[in-house]
Amino acid sequence: MQIIDALNATRDETVQRFTLGDADLERTYGPGKWSVRYVLHHLADAETVLFERIRRVVSEGRRVIWAFDPDAWAAALDYPTRPMTLSRDLYLSARAGVIHYASIHYEKNGHLEWIHSETGVRTLRDEFDKIAAHNANHLKQIAIAMAPVKPPHTH
């Protein structure tokens, strides 16, 4: 199943990034943007939130599920000093659950609807797709941050 392949691929690439050294973890993908460290902690937290949404839709049906504020989480959950191993383990555990339920529900129950508090009606399939796309987007940001710094061009 294509969604399982995407979830596995983004997981495999992401988990490697949790072992980066401090200097690489402090790199950013642009001025004023989150560091690689923050992006990885965010991926772990987002994965747990998105996994909860999936379980709620499967278990509780069509209901409003509230958005979360990633910047508030980054500030309150102490991203600068939070252990990378903690976030890696949270990420891997939640992703294992996402993959398990995607294999069961993506085709069979992907049509199930729920209401996101900010974006409106979505389906279970939308949420599985979002997890893979969200992760891939942040991997692109990490790749930009990790790209070699080019010396300024002189004439």
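If a/c stays under 1.5 just call it rounded; otherwise compare a/b with b/c (prolate if a/b is bigger, oblate if not). Do that for region 1-83, with a ≥ b ≥ c from the square roots of the Cα gyration tensor eigenvalues. Taking the square roots of the gyration eigenvalues as a ≥ b ≥ c, region 1-83 is oblate. Sorting I54, I104 from the fewest to the most surrounding beta carbons within 10 angstrom yields I104, I54. Positive-end ranking of I99, T119, P83 along the dipole of region 74-120, with charges on Cβ about the Cα centre, is headed by P83. Between H116 and S59, the FRET efficiency from the beta-carbon distance, with R0 = 22 Å, is close to 0.80. Computed over the chain, the per-residue total of -39500 (n - 2.57) for DSSP H runs of n ≥ 4 gives a 222 nm mean residue ellipticity of -21000 deg cm²/dmol, rounded to 500.
For K108, the lysines whose Cα falls under 29 Å of its own Cα, not counting residues fewer than eight places away in the same chain, are K130.
Taking chymotrypsin sites (Phe, Trp or Tyr not before Pro) across region 51-155, the ones in a DSSP loop with at most 12 further Cβ atoms lying within 10 angstrom of their Cβ are W66. Only one of (1) 132; (2) 213; (3) 119 was calculated from the structure for volume of the Cα convex hull per residue in Å³, and its label is (1). One chain, two ends: K108 and M146. Fully extended at 0.36 nm per residue, the span grows by 9.7 nm beyond their Cα-Cα distance. Put a plus charge on the Cβ of each Lys and Arg, a minus charge on the Cβ of each Asp and Glu, and nothing anywhere else: the dipole of the chain about its Cα centre is then about 140 debye.
A short reminder: the numbers here are calculations on the coordinates, not readings from a lab. Note that the structure is a prediction, hence the values are computed from the model and not measured. In this analysis, Cβ positions are derived from the backbone assuming ideal geometry, glycine residues included, and neighbour counts consider all displayed protein chains.
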